[in-house]
Number of protein chains: 2
Amino acid sequence: LDYQHVQVPFEITLWIMLASLAKIGFHLYNKLPSVVPESCLLIFVGLIMGGIIYGLNDRSPPVMDSDIFFLYLLPPIVLDAGYFMPSRPFFENIGTILLYAVVGTIWNVFGIGFSLYGICQVRAFRLQDVSLLHNLLFGSLIAAVDPVAVLAVFEEIHVNEKLHILVFGESLLNDAVTVVLYKLFRSFCEMPTIKSVDVFAGVGKFFVVGLGGVLVGLSFGFTAAFTTRFTKDIRVIEPLFVFLYSYLSYLTAEMFHLSGIVAIIACAMGMKRYVEANISLKSHTTVKYFMKMWSSVSDTLIFIFLGVSTIGENHEWNWPYICFTVIFCLVWRALGVLVLTFFVNRFHVNTITSKDQFIIAYGGLRGAICFSLVFLLPEFHRKKLFIAATTVVILFTVFVQGMTIRPLVDLLAVKRKRESAPTVGEQIHIRFLDHLLAGIEDISGHWGQYYWKDKLEYFNSKYLQKILLREYDQPKSSIVLLYEKLERKHAIELAEAGQLGHGPAHPSLLNDRTVRTDQKLEDTQNPDVLDNMQEILARNLYRIRRTGPAYNRHTLPGESEPSEHAKEILILRHKSL
Amino acid sequence: LDYQHVQVPFEITLWIMLASLAKIGFHLYNKLPSVVPESCLLIFVGLIMGGIIYGLNDRSPPVMDSDIFFLYLLPPIVLDAGYFMPSRPFFENIGTILLYAVVGTIWNVFGIGFSLYGICQVRAFRLQDVSLLHNLLFGSLIAAVDPVAVLAVFEEIHVNEKLHILVFGESLLNDAVTVVLYKLFRSFCEMPTIKSVDVFAGVGKFFVVGLGGVLVGLSFGFTAAFTTRFTKDIRVIEPLFVFLYSYLSYLTAEMFHLSGIVAIIACAMGMKRYVEANISLKSHTTVKYFMKMWSSVSDTLIFIFLGVSTIGENHEWNWPYICFTVIFCLVWRALGVLVLTFFVNRFHVNTITSKDQFIIAYGGLRGAICFSLVFLLPEFHRKKLFIAATTVVILFTVFVQGMTIRPLVDLLAVKRKRESAPTVGEQIHIRFLDHLLAGIEDISGHWGQYYWKDKLEYFNSKYLQKILLREYDQPKSSIVLLYEKLERKHAIELAEAGQLGHGPAHPSLLNDRTVRTDQKLEDTQNPDVLDNMQEILARNLYRIRRTGPAYNRHTLPGESEPSEHAKEILILRHKSL
């Protein structure tokens, strides 16, 4: 037995396997996930695992390594979030989102930091040795809303799109602020004296970190789109580029101390539409599927590790500090949302209702980012207290807030997501109104969002598309494209339901659909199967069918085949109607 | 700048990026890959890269780490090979393949080892210090045909299926023999005296290593199939299980010193048919696509690293030893193939022609496995000579044999792969003959391959399918399944070609196909597009279309939607015909 040799990949594979099996386990009991969010269940599994490891080894189980978290687990989730981000609501509310993410987070950091410092001054609590700077540092890591936790809960409660994008967008974009403040306070902690220059430099850094992330992301995104122009002959490695470039954008941003999360989101949103147009349909299915799979596994691992890391002896318990941390997190967030929304509502026709405000404040869940940041703190004598407080805040928000938010949404009758998407007619109207508003803004000299959107669209079709799209010489109207996409989906669904082939042969099909399902069940009986087969053979044996070559590294079976053949068969069938 | 922090993932990503870009580069010039095999081009890129690194740093570039090769680069390639292995020709020729893989490899190892020892006795060559055991050890690593190199060349020359599977199957299954002999001789080198017991134990190990690998692989494969029974509610992680279980089978086999390659192939072949039936169509596309992508990247990286590792100062040049190694590799393989085929042909009606024998002997390419094994050798004073000889053999086989095999196949007019696959009629006949032969074998009391195949099929449908398949209660005839699969493919192709929607509206479609392509070009003109759109809208606006929810971690857009809607639309269209 040579375990040493395969240890690293073996243990990684086993952890992923455990995570996947846990997911399957929850879904076998349908009732469980509808009451308790999956994130809670996963943390619970992690707690049990941690307890077992602790019991067997008699020492603390290994905590989640911050490097592993930031370098390997976080990027897939953020990439998935950025790639599938609904861009219209995001850009329509970008101002509000930025206000919450930047001003709101700063408000929370300083609010929590200063008020905890106040608590530390109470002599009875024995916390006088925690300085203001340490409290602010703690505030900077505990204030940030966590995208992973928010996603895990909000995707299950189906609130309206605007509310969803406000909380989710904030959780993604506050990364820039968190990175800056956390690093700023940490460097202040190590400095002997703080000059006012340093403070101003810190403020300047906000813009560098945020905008730098956007720039890095966009440049990698456009490079990715440009690269996929040339992959026509080797479809198989197309999906790879999507992952490689987005990961590189994240790593590059991290390397230059910019916001990796912002970079990967910019990269994903920037490349999406061009990559989608360039790569093959199968490649795109693979990209989407793999992104979902990867982010789902990362997410599961994060929550399990969160549970495992909670068990152990790296906590220092101090009732007042921990309780007040939870209270201040709730209070300052609620206050911040109230004040900021007051200003937002003054400048918008479509206001944020008080119910929505409550959900925004209540949905400020903390998660693995805080947890990783607190372990990255430099060693000092109260670090274990901070770890304990962070753990409690995370568990409180994920368990208490996460489990009660769904009943609250029901109770308050918060506006839900509209189930039916816009019809083709509505989509045309929306587009028409966009053009109209852009015109009005242009005439009135007001450079609003429609004006800029129109300019961007013009720039895109005039320059970007020519460079980034492979088949630019045959532009298609977007409605025709949408129609083709829907058509393709229907064709697949029909073929899967067995309609395309068997359908026309049953005269009763068009009149009565209940009969059809009965017939389907009967199909498995012997005589019917024979009939079917005879019919199929009679229809198809008129010419030799081709299938793909036996084995080839670079092509999938049946991929290289000319479709001429298939068309012919269907045309024949249409004729027979 | 904090490069240290992101170094590992950053450099890995960059290497993969380089490999993918190199692949794109070759395919931009269509003429190049048709003359020179891709593997040669990649080694060439690697040599250039190595030269640059050597020039800049003035020291040997890093060699390919054997652990990285065996743990991370080899498994995807073997998994891909096993999963897409055409099982019928493989099992039909399993006896011949095993003979070549086991007896042939042993023949080569001892032939090369002893004759090189003879060369070492010539005083003029100054090689007397290389012992017989060291020569045999060297023989054991240089004798094995490499699956990666064989695949890279044979998939481009399209020889007939039997010839392909003989060479390819041998290259995969000889791993068990190589592992045993290599480890045996290496342990003999470290032993003071060798007892005859050790030799017998070595012979016994063949069976343990090979059959153990098969057992480990099959058990993981069936577990994988069983697991996918329960993934109906979380389709997104289905592809993960295919990868996780096959990788675990490889690692487990390696851990117990069994043949990992044999294990992963058994796992892939065992799970394939059950997994395919259990998982969704999209998951299966993802599995296939990702497997191809991964193996393609691994393969590219291996050849590039092979080139990079060649540059440097870890070679000891000795003309006679190196030249005779190349000659003996060629001669002993040719002799082995001749002798073994003589026996094979005596017991088979369908004999292996002398042309085929030449290609089998000539197609014995060496590759990265030899290279990694030679670096894993224990340190002794002639290791650098072995490294040099191995490098030369690999470069000779990949460049000289790899580049000349295609012209030779043309010149000898070796039977090519039949381009058209069997028709439905032929398939029915093949199946009929299988049953007939199984019956004849049963009556005559001869337990041949058809008898066992029939028994296995019975066992499969009686027990295995009930345990491993999700929807066993509705068994479908395999012809109906095949038909559904073809139908689905056609539907997709048709939809992609825009036939399904636009087709029926053009009356000329059924008569003249050349007109259609002209019309397509005209479609991009303005008035036609408008017509199209009007038509589309008139046809589809009769009811509100639904699209998927805005963002969800676990489902892809449009996946959860009921297909009832889509059917209705198509039925309406059929009516309008």
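Residues in the range A:157-173 carry Karplus couplings, in order, of 9, 6, 6, 5, 4, 5, 4, 4, 5, 5, 5, 5, x, 4, 4, 6, 7 Hz; the curve used is 6.51 cos²θ - 1.76 cosθ + 1.60 with θ = phi - 60°, and Gly or Pro positions show x. Ranking of A:W294, B:W452 by solvent-accessible surface, largest first: B:W452, A:W294 (1.4 Å probe, protein heavy atoms only, all chains present). Annotation: extensible slack from B:L437 through B:L215 equals 77.0 nm (criterion: 0.36 nm per residue apart, minus Cα-Cα distance). For B:V208, the point set 7 Å out from Cα toward Cβ sits 6.3 nm from its twins in the other copies, listed from shortest up. Work out the FRET efficiency for B:S87 and A:L281 from their Cβ-Cβ distance, taking R0 = 35 Å, and round it to the nearest 0.05. Efficiency computed from Cβ-Cβ geometry: 0.80. Counted by Cβ distance under 14 Å from A:E441, the other residues give a net charge of -2, where Lys and Arg count +1 and Asp and Glu count -1. Label-to-label distance, B:Q128 versus A:R470, with points set 7 angstrom from Cα along the beta-carbon direction: 6.6 nm.
Applying 1/(1 + (r/R0)^6) with R0 = 22 Å to the Cβ-Cβ distance of A:K415 and A:A334 gives a FRET efficiency near 0.60. Per residue, the accessible area of the range B:1-410 comes to 38 Å² when a 1.4 Å probe rolls over the protein heavy atoms. Accessible surface buried at the A:B interface totals approximately 13200 Å², computed with a 1.4 Å probe on protein heavy atoms.
Grab the beta carbon distance between B:Q4 and A:V36, set R0 = 35 Å, and tell me the FRET efficiency rounded to 0.05. Once rounded, the FRET efficiency stands at 0.25.
Rounded, prolate or oblate: which one fits the range A:1-108, using the alpha carbon gyration tensor with axes a ≥ b ≥ c (rounded when a/c is under 1.5, else prolate when a/b beats b/c, else oblate)? Verdict is prolate for the range A:1-108. Any of A:K466/B:K31; B:K183/B:K205; B:K183/B:K383; B:K23/B:K292; A:K232/B:K417 with alpha carbons more than 18 Å apart? Name them for me. Violating the 18 Å limit, Cα to Cα: A:K466/B:K31; A:K232/B:K417. When B:S39, A:S219 are compared by accessible area of protein heavy atoms, the largest-first order is A:S219, B:S39, using a 1.4 Å probe. Remark: spin-label model distance B:F347-A:T423 equals 7.3 nm, labels positioned 7 Å along the Cα→Cβ axis. Taking all protein chains as shown and a probe of 1.4 angstrom, A:K462 keeps an accessible surface of around 90 Å².
Annotation for A:E316, label-to-label distances across the other copies: 6.1 nm (shortest first, one decimal, point 7 Å from Cα along Cα→Cβ). When B:L28 is represented by a point 7 angstrom out along its Cα-to-C-beta vector, the spacings to that point in the other copies are 5.3 nm, nearest first. For the range A:423-471, the square roots of the Cα gyration tensor eigenvalues, ordered a ≥ b ≥ c, give a/c of at least 1.5 with a/b no greater than b/c, which places it in the oblate category. Full extension of the chain between B:D65 and B:M403 gives 118.9 nm of extra length, using 0.36 nm per residue less the Cα-Cα distance.
A cut-off under 14 angstrom between Cβ atoms defines the neighbours of B:A263, and their net charge, with Lys, Arg +1 and Asp, Glu -1, is -2.
A simple rule links phi to the HN-Hα coupling: the Karplus curve 6.51 cos²θ - 1.76 cosθ + 1.60 with θ = phi - 60°, which for the range A:375-384 gives 6, 7, 4, x, 4, 8, 5, 9, 4, 5 Hz, with x for Gly and Pro.
For the range A:236-255, a decrease in accessible area of 50 Å² or greater in the assembled protein chains relative to the isolated chain, with a 1.4 Å probe, applies to A:V236, A:I237, A:L240, A:L244, A:L248, A:L251, A:M255. Applied to the range B:295-309, the Karplus parametrisation 6.51 cos²θ - 1.76 cosθ + 1.60 on θ = phi - 60° returns per-residue 3J(HN,Hα) values of 5, 5, 5, 4, 4, 4, 4, 4, 5, 5, 4, 4, x, 4, 5 Hz, with x for Gly and Pro.
The values are calculated or read from the model by the stated rules, or taken from the named source; none is laboratory data. Since this is a predicted model, take the numbers as computed values, not measurements. As a convention, Cβ positions derive from the backbone with ideal geometry for all residues, glycine included, and neighbour counts pool all protein chains shown. Only protein heavy atoms, including side chains, enter the accessible area calculation; ligands, DNA and RNA are left aside. Shrake-Rupley method; radii C 1.70, N 1.55, O 1.52, S 1.80 Å.
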